[in-house]
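Novice: Quick one: the structure is below, and I'll ask about it shortly.
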Amino acid sequence: MATKSPAKPPAPVQQPSRDEGDSVVLERRTQKVQPPQMYQVVMLNDDYTPMEFVVVVIQEFFNKDLETATQIMLKIHLDGKGVCGVYTKDVAATKVDQVLEAAHKAGHPLQCVCEPVE
Ligand code: TYC
C-alpha cells in the first residue's frame, strides 16, 4: 500500500546577485506562501422570513446539523445578524447566491452578505 510522505517545507528560492568582487553568488531565501483571504457569510434578520425556513437554509447550504442551525438562526433573530460559515471568496459568494435564490423562490425577503475576515 502506498503511503503519503509528510509534506516538505517549501524549497528555499535561490536568487542570483553580485557581490562586491563582481562574482555571482546565490542568496538563500525561504518563500512564504500566504493563506488565502477568508470571507464570512453573514445572514441578516428580517421580520417576515419564517424561522423554520432559515433553519433549513442554514442546514442545507452551510452543512450544519439541526441544533447548530437553530442556534445560528436564533442568534440572527436576537442580534440582527450572524455568521453562517467562513470560506474562500468564490465559495462564500456562491453560498450567498444560493441563499438569495432559495429565499427569492420561496418568496421570503431573507438577505445575506459576505465580508472579509480581518
Ligand atoms: N425574525 C424572523 C421571524 O421572527 C426569523 C428570522 C431569523 C428571519 C433569521 C431571518 O436571518 C433570519 N420570523
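Novice: I need the trypsin sites (Lys or Arg not before Pro) found in region 18-118, filtered to DSSP loop residues with at most 10 other beta carbons within 10 Å of theirs.
Specialist: The qualifying sites are Lys32.
Novice: Pull up the cross-link candidates among the aspartates and glutamates for Lys81, meaning alpha carbon to alpha carbon under 17 Å and not fewer than 8 places away within one chain.
Specialist: Asp46, Asp47, Glu52, Glu115
Novice: Here's another thing I want to ask about it. May I ask you to derive the relative contact order of region 38-116, considering only C-alpha pairs under 8 Å and at least 6 residues apart, and to give it as an integer percent?
Specialist: 51
Novice: Test of the criteria: in region 36-96, which chymotrypsin sites (Phe, Trp or Tyr not before Pro) are in a DSSP loop and have at most 15 other Cβ atoms within 10 angstrom of their Cβ?
Specialist: Listed in order of number, the matching sites are Tyr48.
Novice: Next question, about the same structure. Of the cross-linked pairs Lys32/Lys75; Lys32/Lys95; Lys64/Lys89; Lys64/Lys105, which ones have a Cα-Cα span greater than 27 Å in the structure shown? Write down the numbers at each step before the final one.
Specialist: Values: Lys32/Lys75 38 Å; Lys32/Lys95 30 Å; Lys64/Lys89 20 Å; Lys64/Lys105 22 Å.
Beyond 27 Å between Cα atoms: Lys32/Lys75; Lys32/Lys95.
Any read-out appearing in this document is the output of simple, stated calculations on the displayed coordinates, not a laboratory observation. Just so it is clear, the model here is predicted, and its values are computed rather than measured. Glycine gets a Cβ as well: all are built from the backbone with ideal geometry, and neighbour counts include every protein chain shown.
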